[in-house]
Amino acid sequence: KQWYQRRVAITAGETIDDLQSYTFTLAVSPSDLSYWRTYHMAHMMYGEFSDFKGNMGEDNTIEAGYYTSDGSLIYSAYVDCAAETWKTSLTNNETGVVETFQTGTLERSCNDGDDIFDFWLKVQQPYLMNWLFNGQALQFGEQTTYFGDKARTRPLKVESLYGADEASTFTVTTTGTAILTRMASGKCITWPAAMDSNCTAAAVFLEERSKSSGLGEGEYGANMVSYLPDCVNTIYYNWLQGTVHPDQDSSSGAAYCCCTYMETGKLYDVGCDTKDECKALYCIEDYLNACDQTCVAYTYDSSLVV
């Protein structure tokens, strides 16, 4: 149970040293709601396009998959950079055979002016999940669900034999010059490490992957707009982040207010050794979006603001 310092909760995150295949194993089953509280979860892989072992990039492909403990496929996505296409696959819930679910075209080429890429899986419910590649939802279609008598529009149900609550591993494999550099997983949102020094860039990056009907992906977005970082003077993060995602310790499921470093947006950590200790010192639950703690004495006074 880690508190990952970029406005995230119950998150495992680590830097990967230029690999072309990586498997993350969930330490706690997604079906354990006494730990996770809800099924909502995100798995976020970051990478870059770089000359790798002499590869020239003609066959750049990236494939990500969610699997059960015995290796059965729950849901996967495959991106072919040269063809500028994508394909998702699942295990047929009647035949047990892996088959194509949907196909589509990339909105822009894999590394159109960028050196980095990101591949996310957003899980809302066991059969309500979708992939995003560089902020583009790799899924289409809608369904209507009901909460009491209220009709709600939701992403299309993923008719896999296995639900996301049966997941055990998340695997990403690449070819060509595509390499993997960082992985984050949990009830969280993250942004590329290169944006740690630019709050506005991080906010735009997250809005493009959010449920915003403007820059975002609507129902196929990975997070609510309310969880975007608050910025000061464009590049600086607000010393008080008032909407940090709730975690398993939230008594009412409320968001947290946390004191953060203005240069990076990370949780303030002076006088504490672990993330849990720092959270206890510098975060409080914000029950009614009325955060009453001050961080000026901590982060503002120690940060250079121009």
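Just to be sure, is residue 66 open to solvent by 40 Å² or more (accessible area, probe 1.4 Å), of a type outside the set (S, T, N, Q) and at pLDDT 95 or above?
Considered against the rule, which asks whether it is open to solvent by 40 Å² or more (accessible area, probe 1.4 Å), of a type outside the set (S, T, N, Q) and at pLDDT 95 or above, residue 66 comes out as no.
Report whether or not residue 282 is in contact with a Pro (Cβ under 7 Å, 6 or more places away or on another chain), modelled with pLDDT of 90 or more and open to solvent by less than 70 Å² (accessible area, probe 1.4 Å).
no
Restricting attention to segment 237-255, which residues are out of contact with any Cys (no Cβ under 6 Å at 6 or more places or on another chain) and either among the aliphatic types (A, V, I, L, M) or closer than 18 Å to residue 266 by Cβ (or both)?
Scanning segment 237-255 gives 238, 243, 245, 247, 254, 255.
Go over the candidates 140, 170 one by one and state the one that is of a type in the set (Phe, Trp, Tyr) and outside any loop (DSSP other than H, G, I, E, B).
Selected residue: 170, the only one of 140, 170 that is of a type in the set (Phe, Trp, Tyr) and outside any loop (DSSP other than H, G, I, E, B).
Which number in (1) open to solvent by 10 Å² or more (accessible area, probe 1.4 Å); (2) part of a helix (DSSP H, G or I) marks the one condition that residue 202 misses?
Every condition holds for residue 202 apart from (1).
Check 221, 271, 265 and return the single one that is of a type in the set (Gly, Ala, Ser) and farther than 27 Å from residue 26 by Cβ.
Just a single option satisfies the conditions, and that option is 271.
Given the residues 215, 161, 156, 180, which is the only one that is buried (at least 22 other Cβ atoms within 10 Å of the Cβ) and within 30 Å of residue 100 (Cβ to Cβ)?
180
Taking the residues in segment 101-144 that are among the hydroxyl-bearing types (Ser, Thr, Tyr) and at pLDDT 95 or above as candidates, determine which candidate is nearest to residue 221 (Cα to Cα).
So the residue we want is 127.
Just give me the residues in segment 183-199 being open to solvent by less than 50 Å² (accessible area, probe 1.4 Å) and in a loop (DSSP other than H, G, I, E, B), in sequence order.
Answer for segment 183-199, where residues must be open to solvent by less than 50 Å² (accessible area, probe 1.4 Å) and in a loop (DSSP other than H, G, I, E, B): 188, 189, 190, 191, 192, 196.
The values are calculated or read from the model by the stated rules, or taken from the named source; none is laboratory data. It should be emphasised that the depicted structure is a prediction, and the values quoted were computed from it without experimental measurement. Positions of Cβ are generated from backbone atoms using ideal geometry, with glycine treated the same way; all protein chains shown enter the neighbour counts. Calculation scope for accessible area: heavy atoms of the full protein, side chains included, ligands and nucleic acids excluded. Shrake-Rupley method; radii C 1.70, N 1.55, O 1.52, S 1.80 Å.
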